[in-house]
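Notes follow the structure.
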Ligand SMILES: Cc1cc2nc3c(=O)[nH]c(=O)nc-3n(C[C@H](O)[C@H](O)[C@H](O)COP(=O)(O)OP(=O)(O)OC[C@H]3O[C@@H](n4cnc5c(N)ncnc54)[C@H](O)[C@@H]3O)c2cc1C
Ligand SMILES: Nc1ncnc2c1ncn2[C@@H]1O[C@H](COP(=O)(O)O)[C@@H](O)[C@H]1O
C-alpha cells in the first residue's frame, strides 16, 4: 500500500477572507512538515477563492489544492466533505488539520467518518514523533490540570481540529513560491439536500471578546451575581470588555459568549485581569497568550498565579473598589472624559 | 414525525472535584447527569412533536446505570427510550460511538421510520462534538451543527428551516428530511417537567439492547477495537513561569499595580461619568 505523505491544512474562507485560524495552522503545519521533511499544503475550497491561493503560499504552504466552483459558494457539509474526501483519497496526506470553528469541526467530523480515521478535537498543542511519523495532538483532559496527548497509530490521515489563537501564524513572505493545483468536483446542485438561504452577520455590538484590547474577567471567587457587579464596574471604568470563567456562566451570572477558555473564547488582549479565577487548565488555554496578565486571588496557591505576569494575593471585594476609585481619580485629573484609545 | 434524540450520561463537571495530589478527576465526587446539551435536544424534540404530532424516542449508549438519563428524558417529555449497553461498546472514541449509535438507529428505524435525529452540540465530558456529524454520515443524512433555532418544519414538502450559529451571526439553512441536528443551549429553555411525566418516568423501563440484539454489526468497529484514537500520555502542562507577586500592604500593592497599569494607559478610556 502506498504510504500517506504530507501535511494538510483546511483553509477556511468567510466572506472572501481567510480565517486567521487557517493562517495560524499554516504556521504550525510548517513546523510539522519541516520535521517530517514533507510538503505543507493548503486545501482551498469555495467560489471565487482562487486568488487567495497566493496568500496560502505566502503564509507557509508549498502547495495549494483548489476547487473553485459555484456549488461551494457557501459552506455545506455535504459538498465540502465530498471535495475534501476526493482530494484526500487522491493525494493521501498523513496529517490533516482544521480550525476548531463551527465549519472546521463539522467538516472534520464528517471526513473522519468517511475515511474511518481518528480525529482529535480542540487541540491546543501539536507536535510530531518523527521516527514513528505520529502526530501528537494534545488537549486539556477531562478534569484536572492535566493534558492528554491523543495518538492515531494505525489510520491515515491523522486529523485534528485546533483552537483558534493558540498557534502562531508566520509573517507572510511574498517571495515564497509554491504550486497551485486546481481540481474539479463532479457534484450537481440537484443532488444537494441542503441550501443556505441567508447569512446574517452580527451587526449589534456584542461582546467581541476575541478582539478586545483589555479584558476584565471574573470568576466564582466574586461570590454571587451581586459581587460580580464589581467586574462590570471596573470594566466600565476603564473601557474594557468583560470576560468570565465557565463556572460563572454555569451559575448564570453571564451568558456563554462571555466565557473564556477551552469551551469558550480564546483571547489575546494586551491586558487581561483574572479576578477570583482559580486558573484551571481549561480556562488558562483560553487566555495565556495575553500580553499582560494581572491576577487577583485570595489563595496564594491558586494556579492562576503561574500564568500571571503580576499577581496580587488579596480579596477582590476589597481591591476592586479601590482600583475603580483610583482610575476614576485619574480620569478626573485628566479633566473628565478623555479617551486615550 | 419520529424524532430520535441521542442522550449521553456524563459526570457533572460543575461540581466535580479534582484530586489536588494526582491532579485528576475524583470520579466518586461527580454525580452522573444527562448531558446538559442533550437535555435541550430532548426539549426541542418535544417542542417539535407538539407542533407536528408524532413520537420522540431517546437513545443512549452506556453502562446499565445510564437508564437514569433515559428516565430524565421521559420527564422532559420523550415517549420512549432505548439503551444499548454491552462490554463490547466500552472504550469507544467518537468514531466507534457513532458507529454503534447508527446501528441502533437503523434498528429503531425498522420499526418506526426516523425523520430526524437530534444530538447535543457536544458532551461536556469530552467536548468533541464529533459524534453527531459522524452518525449523520453513517446514516447518509445531512448534518446541521450548532443549531440555535428550528424555524420551520414543512412536513408536506419534507423539509425544515433552521438557524445555524456561525463565528459571527448565524445562517438560515434549509434541509431535506430526514436530517440530523446538533443543538446549542440557546435553542430553548428547559421547562418544568409536568407531574404526569414525572410519574411516567419513575415507572419507565427502557428497551435495553446488547450487541447481539443489533443485528448485523461489525464488531471490529466497536469499542476500544474500533477506536483509531488512543490516549498516548497524560502530562501536567509545562509549568509556566509565572511572574512577579506584588507584595505588601493593600495600599502598597495598589500603588504598584497602578504604576504597572499606567504604563499601558494608552489602552484605557477613563470613564468617570458615574
Ligand atoms: C471539559 C471541560 C471544559 C471546560 N471548559 C472551561 C472553559 O472554557 N473556561 C473555563 O473558565 N473553565 C472551563 N472548565 C471549568 C474549569 O475546569 C474550572 O472548573 C473553572 O474554570 C473554574 O472557574 P473559577 O476559577 O471561576 O472557579 P473556582 O475554581 O471556584 O475558583 C474561584 C477562585 O476564586 C478565589 N476567590 C474566592 N474568593 C475570593 C475573593 N473574595 N477574592 C479573590 N479571590 C477569591 C478562590 O481562591 C479560587 O481560586 C471546563 C471544565 C471541563 C471539565
Ligand atoms: N454514548 C452516547 N450515547 C448517546 N448519545 C451520545 C453518546 N455520546 C455522544 N452522544 C451524542 O453526541 C453528542 C456529541 O457528543 P460528543 O461528540 O462526545 O461531544 C452528544 O450531545 C449526544 O447527543
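Nothing in this text is a laboratory measurement; each read-out follows from the coordinates by a stated rule. Because the structure is predicted, anything quoted here is derived from the model rather than measured. Quick reminder, even Gly has a Cβ in these numbers, built from the backbone with ideal geometry, and neighbours come from all protein chains shown.
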Apply the a/c threshold of 1.5 to the C-alpha gyration tensor of segment B:120-223 and tell me whether it is rounded, prolate or oblate. oblate
Just for the Cα atoms in chain A, what are the lengths along the principal axes, largest first, rounded to whole Å? 67, 43, 42
Between residue A:256 and residue A:301, what FRET efficiency comes out of the Förster formula 1/(1 + (r/R0)^6) with R0 = 25 Å and r the beta carbon distance, rounded to 0.05? 0.30
Counting DSSP beta bridges in chain A, what percent are antiparallel, to the nearest 5? 20 percent
Paramagnetic reach from residue A:197 (point 7 Å along Cα→Cβ, amide N under 17 Å) across segment B:148-171: B:148-166, B:170-171
Please work out the C-alpha center-to-center distance from segment A:267-300 to segment A:46-98 and express it in whole Å. 36 Å
Working from Cα positions, state the angle (0 to 90°, nearest 10) between the long axis of helix A:102-114 and the longest principal axis of chain A. 40 degrees
Could you check what % of the DSSP bridge pairs in chain B are antiparallel, to the nearest 5? 45 percent
Long-range share for segment A:88-143, i.e. C-alpha pairs more than 12 Å apart as a percent of all pairs, stands at 71 percent
Mean Cα-pair separation over length for chain B, i.e. relative contact order, pairs under 8 Å, 6 or more apart, %: 22 percent
Packing-based exposure ordering (other Cβ within 10 Å, fewest first) of A:22, B:85: B:85, A:22
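What order do you get for B:258, B:110 when you list them from fewest to most C-beta neighbours inside 10 Å?
Final ranking by Cβ density, sparse to dense: B:110, B:258.
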At what distance in nm do the modelled label points of residue A:229 and residue B:251 sit from each other, each positioned 7 Å from its Cα along Cα→Cβ? 2.8 nm
Relative contact order of chain A (C-alpha contacts under 8 Å, at least 6 apart) in percent is 14 percent
Which residue, B:178, B:64, B:206, has the most motion in a Gaussian network model of chain B that connects Cα atoms within less than 10 Å? B:64
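Given N residues in segment A:194-301, what is Rg(Cα) / (2.2 N^0.38 Å)?
Ratio of Cα Rg to 2.2 N^0.38 Å: 1.11.
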Apply 1/(1 + (r/R0)^6) to the Cβ-Cβ distance of residue B:176 and residue B:266, taking R0 = 45 Å, and write down the FRET efficiency to the nearest 0.05. 0.25
Counting only helical runs of four or more DSSP H residues, what would the 222 nm mean residue ellipticity of the protein assembly as shown come to if each run contributes -39,500 (n - 2.57) and the total is spread over all its residues? -8500 deg cm²/dmol
Residue order, fewest to most surrounding Cβ atoms within 10 angstrom, among B:262, A:287: B:262, A:287
For segment A:134-239, what's the relative contact order in percent, using C-alpha pairs closer than 8 Å and at least 6 residues apart? 13 percent
Place a point 7 Å from the Cα of residue A:54 in the direction of its beta carbon; the residues of segment A:1-44 whose amide N falls under 16 Å from it are A:17-18
Assuming a viscosity of 1.567 mPa s and a temperature of 4 °C, what translational diffusion coefficient in µm² per second does Stokes-Einstein assign to segment B:2-226, Rh being the Kirkwood radius over Cα pairs? 73 µm²/s
Stokes-Einstein, Kirkwood over Cα pairs, the protein assembly as shown, 25 °C, 0.890 mPa s; D in µm²/s equals 96 µm²/s
